[in-house]
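The values are calculated or read from the model by the stated rules, or taken from the named source; none is laboratory data. Small disclaimer: the values here were computed from a predicted structure and weren't measured. Backbone-built Cβ (ideal geometry, glycine too); neighbour counts: all protein chains shown. What goes into the accessible areas is simple: the full protein's heavy atoms, side chains included, and nothing from ligands, DNA or RNA. Shrake-Rupley method; radii C 1.70, N 1.55, O 1.52, S 1.80 Å.
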Amino acid sequence: MNDIAISLKGVTKVFGETVANRDVTMDVKRGEILALLGENGSGKTTLMNMLSGIYYPDAGTISVDGNPVDIRSPKDAYELGIGMVHQHFKLVDVFTAAENMILGVETKERFDRKKVYADMNEICEKYGFDINPEQKVYDMSVSQKQTLEIVKVLYRGANILILDEPTAVLTPQETEKLFNVIRNMKENGKSVIIITHKLHEVLAISDRVAILRKGEYIDAIETKNATEAVLTEMMVGKKVELNIERPEVKEKFKRLEIKHLNCVDADGIRVLKDINFDVYSGEILGIAGISGNGQKELLESIAGLQLVSPDSSVVYFEPKEQEESQLVGRTPKQIRDLGVHLSFVPEDRLGMGLVGSMGMSENMMLKNYGEAKGVFTDLKRPKALADQIKEDLEVVTPSLNTPVRKLSGGNVQKVLVGREIAANPTVLMTAYAVRGLDINTSYTIYHLLNEQKKNGVAVIYVGEDLDVLVELCDRIVVLCGGRVNGILDGRTTTKEEIGLLMTNLKEEEN
């Protein structure tokens, strides 16, 4: 029996002048876990989108079980037993788990609730899932939604599953549960392809690792023969140091004092509940928490972008001038007019951070366009800054005038982080600064954050990779249910301790 599930030969995909994949030839074996690695813009997701029917190759052939196939839609892919779970879930919030599972499945039979529930429970029992068929999606955690997406794919008969960044927002405990499920799928003969940037997870779960570089297939290596250094060198084409520096905190003084911070969202739900902690200059303060536990609102409240309760307090200290400034109740412009140099890398890169229709040069102007004197805008400085960021962070773009929405997610993030650091802040807040970035660029960002720390900047780093939080941060504030559930020393804590605080809210003290 042929042990090759999928075979790609000479697969090429071009978007305008950009070659996303060039002459890719590789195999996926039956019943294996294959990790797909590569830097940002290396063509990983594009390649998998061709397998799942979202894109169609410009050249080359795809074979399934030894037979050449024509995959022109996700429906074609499902009929061939290929299903993809995307990084951004495609679920209907007001539907139940069972309703989402059967959504879009063509059948002449009437909806039989008992049969659908039985089918879902059978899948869950077989692979070790834990999901309630009657639970509404809007009541689910991130890991439950991801579980449902995988169940949807299995229900449609997929034998080859593609998972795009499956652990991006999971706790260590949730990640281990997912890995157990993936191992169960492998034991049942399924082939699983994982797109990820987390090398330690690649080494823990995969059988083989396939490497893409600049759209081209480099090689595949047995995981048992791989190390993080070897994989990184294959991805980047040169040796990369993988040690995250953590310099000692020097000249530490209080920069921000946050007291009784309460925030209510547009639906009237309290998303921040009596938040209290201090932020110091020359340190990196990590913020950990499951997605949706108040991280976004916390940074936006400090930046003047959220309405908070009147008794909330965010005080900025300027020790050299012996000055204190209350930031609550002020807009970002009013905060800047106080002389507070605050930079913010938001989670929503193109919605809040950058203007997608503008190029790099124009986006550089947004930070201080209001300070321009006269009718005409000075374009020399923004262009020079854009040139510098493009070179330092190796931003891949056809030109400085190319709309940033046309860049890959990782390159958009480089533009945003570079701009905010270039503003010489005294407080730098970053929400998921390395989300979607390859390992090489991620370490460049860690280095930049440490340089800011050495320069006396107070850095607030919201992250989802707990290994990085433990290695990079001096202290870590753990949020759970919109509350501070603990403040840990980054040098002595473990990711397991952080994971427990992320999921188990301590009882409030009287």
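Brief remarks follow.
- A simple spin-label model places pseudo-atoms 7 Å from Cα toward Cβ; at Leu203 and Glu394 they are separated by 2.1 nm.
- Per-residue SASA entry for Tyr55, accessible area with 1.4 Å probe, Å² rounded to 10: 80 Å²
- Secondary structure note: in the chain, about 55% of the DSSP beta bridges are antiparallel.
- Per the Debye formula on identical point scatterers at the alpha carbon atoms of the chain, with no solvent, log10 I(q)/I(0) at q = 0.05, 0.08, 0.10 Å⁻¹ is -0.21, -0.55, -0.86.
- Taking amide H positions as modeled 1.01 Å from N, with prolines and chain starts lacking one, the residues under 5 Å from Glu39 and 5 or more places away or on another chain are Lys214.
- If the chain linking Lys380 and Phe95 were pulled fully straight, counting 0.36 nm for each residue of separation and taking away their Cα-Cα distance, it would gain 97.4 nm.
- Computed from point charges on the beta carbon alone (+1 for Lys and Arg, -1 for Asp and Glu), the dipole magnitude for the chain about its Cα centre is near 940 Debye.
- One chain, two ends: Ser313 and Asn188. Fully extended at 0.36 nm per residue, the span grows by 39.5 nm beyond their Cα-Cα distance.
- Val271 long-range amide H proximity, modeled H, under 5 Å: Cys263, Val264, Asp265
- Overall, the anisotropy analysis places region 418-497 in the prolate class: the square-rooted eigenvalues a ≥ b ≥ c of its C-alpha gyration tensor yield a/c not less than 1.5, with a/b exceeding b/c.
- Efficiency of FRET from Cβ geometry, Asp467 and Asn132, R₀ 22 Å, rounded to 0.05: 0.10
- Applying the Kirkwood pairwise sum to the alpha-carbon positions of region 184-272 produces a hydrodynamic radius of 17.8 angstrom.
- Whole-Hz ³J(HN,Hα) from phi, Karplus 6.51 cos²θ - 1.76 cosθ + 1.60, for region 450-462, glycine and proline x: 5, 5, 4, 4, 4, 7, x, 6, 7, 9, 10, 10, 8
- Chain lengthening between Glu176 and Val230 when straightened (0.36 nm per residue, less Cα-Cα): 17.0 nm
- Area accessible to solvent at Met352, 1.4 Å probe radius, in Å²: 80 Å²
- Residue pairs, from the table Lys273/Lys320; Lys383/Lys414; Lys126/Lys152, whose Cα atoms sit over 24 Å apart: Lys273/Lys320
- In order through region 393-405: 3J(HN,Hα) via Karplus (6.51 cos²θ - 1.76 cosθ + 1.60), integer Hz, x for Gly, Pro: 9, 6, 6, 8, 8, x, 7, 5, 9, 5, x, 5, 5
- Efficiency of FRET between Thr402 and Lys214 - r from beta-carbon atoms, R0 22 angstrom, step 0.05: 0.80
- Of the peptides 57-67, 461-471, the ranking by mean beta-carbon count within 10 Å, highest at the top, reads 461-471, 57-67.
- Computing Rg and the Kirkwood Rh from the Cα coordinates of region 92-218 gives a ratio, Rg/Rh, of 1.00.
- Accessible area per residue, Å², the chain with all protein chains present, probe 1.4 Å: 47 Å²
- Global geometry of region 272-372, whether rounded, prolate or oblate, following the gyration tensor of its Cα atoms and the 1.5 cut on a/c: oblate
- For Tyr56, no residue whose modelled amide H falls within less than 5 Å of its own remains once neighbours fewer than 5 places apart on the same chain are excluded.
- The alpha-carbon atoms of region 1-58, seen along their principal axes, cover 41, 22, 19 angstrom, with the largest extent given first.
- Relative to the longest principal axis of the Cα atoms of the chain, the long axis of helix 172-187 lies at roughly 10 degrees.
- Taking the 1.4 Å solvent-accessible surface of the chain as the whole, the part contributed by carbon and sulfur is 48%.
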